[in-house]
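Structure, as structure tokens:
The values are calculated or read from the model by the stated rules, or taken from the named source; none is laboratory data. Computed from a prediction, not measured in an experiment: that's the story for all the values here. Here the Cβ is made from the backbone with ideal geometry for all residues, glycine too, and neighbour counts use every protein chain on show.
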């Protein structure tokens, strides 16, 4: 009996020491080491790729965000504020709730097939809206000129980037809405166009948040 109690106590003591040691190692020391390395070597990425403007965090370079007018009474979806460059549509999985246009509870694609009537109608309506929004006196946008990313959402529904073609399509509207010369706005787009990663991965892209921050600074100078 005494041996049994002694062995049990010894086993429990060993288990408790192992628990405390592993808790200290994996629950304290390891997280502190990983966090320290991340902050020292990859601070920007570790903190969510934050984008700052005027000394304040205004978003993440990895997540798209809306540029909307204040929500009108009785409306669930706000109108786009057309003085800013607009990102891709945000028709993700969260579109089944009131959380639309980059306020999604979950991210994801529409899951609509290429021959879906609902998707075809969405694209047609989006093409008409994009053509109308970006047509200004002296410059008319034809539906055939509209790139695919202007009327379709990304796989996540939260894409922070647009194609250079879509950014360039918005240049005349942005210039007219902000009282800026068209060549100056076009130059802004060129300056914020990133090439393919490593020269061959992906496609050229324009980060909408970073472009709009630059646009705000440019408009303040004119």
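Counting only residues that are at pLDDT below 80, assigned to a loop (DSSP other than H, G, I, E, B) and loosely packed, with under 13 Cβ neighbours inside 10 Å, segment 78-102 holds 2 of them. Residue check: residue 111 meets all listed conditions (1) crowded, with 18+ Cβ neighbours inside 10 Å; (2) in a loop (DSSP other than H, G, I, E, B); (3) modelled with pLDDT of 55 or more; (4) in contact with a helix residue (DSSP H, G or I) (Cβ under 9 Å, 6 or more places away or on another chain) but one, namely (1).
Might you check whether a residue that is assigned by TED's automatic domain parsing to the domain that holds residue 190, out of contact with any helix residue (DSSP H, G or I) (no Cβ under 6 Å at 6 or more places or on another chain), closer than 30 Å to residue 149 by Cα and in contact (Cβ under 8 Å) with a residue 40 or more places away in the chain occurs anywhere in segment 50-57? No, segment 50-57 has no match at all.
Answer with yes or no whether residue 187 is under 24 Å from residue 59 (Cβ atoms) and exposed (fewer than 14 other Cβ atoms within 10 Å of the Cβ). Yes, satisfied. Listed by first and then second residue, the pairs with beta-carbon distance under 6 Å, at least 6 apart or on different chains, first residue in segment 122-137 and modelled with pLDDT of 90 or more, second in a helix (DSSP H, G or I) and surrounded by fewer than 18 Cβ atoms within 10 Å (Cβ to Cβ), are 127/143; 131/143.
Residues of segment 48-65 that are within 20 Å of residue 185 (Cα to Cα) and modelled with pLDDT of 80 or more: none at all. For segment 58-94, how many residues are without any contact (Cβ under 8 Å) to a residue 24 or more places away in the chain and under 18 Å from the mean Cα position of the chain (by Cα)? Residues that pass the stated criteria total 1.
Being without any contact (Cβ under 8 Å) to a residue 60 or more places away in the chain, in a loop (DSSP other than H, G, I, E, B) and within 21 Å of the chain's Cα centre (by Cα): is that true of residue 199 here? Against the criterion (without any contact (Cβ under 8 Å) to a residue 60 or more places away in the chain, in a loop (DSSP other than H, G, I, E, B) and within 21 Å of the chain's Cα centre (by Cα)), residue 199 does not qualify. A single entry from 55, 59, 48 fulfils the requirement of being at positive phi and surrounded by fewer than 10 Cβ atoms within 10 Å (Cβ to Cβ): 55.
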